[in-house]
Amino acid sequence: MGFIFVLNSAALGAGLAMDAFSVSLANGLHEPHMHRKRICAIAGVYAFFQYIMPMIGWVCVHTIVETFSAFENFIPWIALLLLLYIGGKMILEGLEERKGGECPKEEVAQRSVSGKDLFLQGVATSIDALSVGFTIAKYNFAKANAACLIIGAVTFVICVGGLLIGRKAGTRLSWKASILGGCILVAIGVEIFCKGFLA
């Protein structure tokens, strides 16, 4: 486990974290008064899923490879449906706020992503990382675990950045932030779906 291994794992983590970064941006827009502990908690959720999914993939490759290969076809559909649901919900919330005129600051301050939505986002943005189990299949358990920990750490850092950027922009955009955040989630869902079928 030398420098090249760490570098490769970090590069893989950065690539896998791009969807989670975009979702973090959307969440920051939707919840502009997010405090530091919550930022770390949300980034931690994404980091955990980006760690656990490749590990599950690695375990599947070493145990139930045929079943896992069949399941792989459903990954783009699952990500699309989850992100359409959460993104659509955000867009509707933004439109409701728009109907009521300019959203009061107290209402914006109370806006937050629910635990259920956060869980679904974590699954949706990391489910394609299951297939990373194939790329690290030659690693032993310790090496696969180390690679996945690096992927999770890189995801955490990238997502904190996304949340901070989104939060800063969200305070200026009012109800438009929810609509923009929802549109970002829908776009990510479509992108994962298209990528899954064109790959």
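Do you know which of the residues in the range 165-178 that are buried (at least 17 other Cβ atoms within 10 Å of the Cβ) and at pLDDT 80 or above is farthest from residue 75 (Cα to Cα)?
The residue in question is 167.
Which of the residues belonging to the range 33-72 are more than 25 Å from residue 190 (Cα to Cα) and open to solvent by less than 10 Å² (accessible area, probe 1.4 Å)?
34, 39
Being more than 16 Å from residue 117 (Cα to Cα), outside any loop (DSSP other than H, G, I, E, B) and among the aliphatic types (A, V, I, L, M) is true for just one of 80, 7. Which residue is that?
Details: 80 fails: more than 16 Å from residue 117 (Cα to Cα).
After ruling out the rest, the residue left standing is 7.
Only one of (1) part of a helix (DSSP H, G or I); (2) at pLDDT 85 or above; (3) not charged (D, E, K, R) fails for residue 109. Which number is that?
(2)
The values are calculated or read from the model by the stated rules, or taken from the named source; none is laboratory data. For clarity, every value in this text was computed on a predicted model and none was experimentally measured. Backbone-built Cβ (ideal geometry, glycine too); neighbour counts: all protein chains shown. Just the protein is used for accessible areas: all its heavy atoms, side chains included, with ligands, DNA and RNA removed. Shrake-Rupley method; radii C 1.70, N 1.55, O 1.52, S 1.80 Å.
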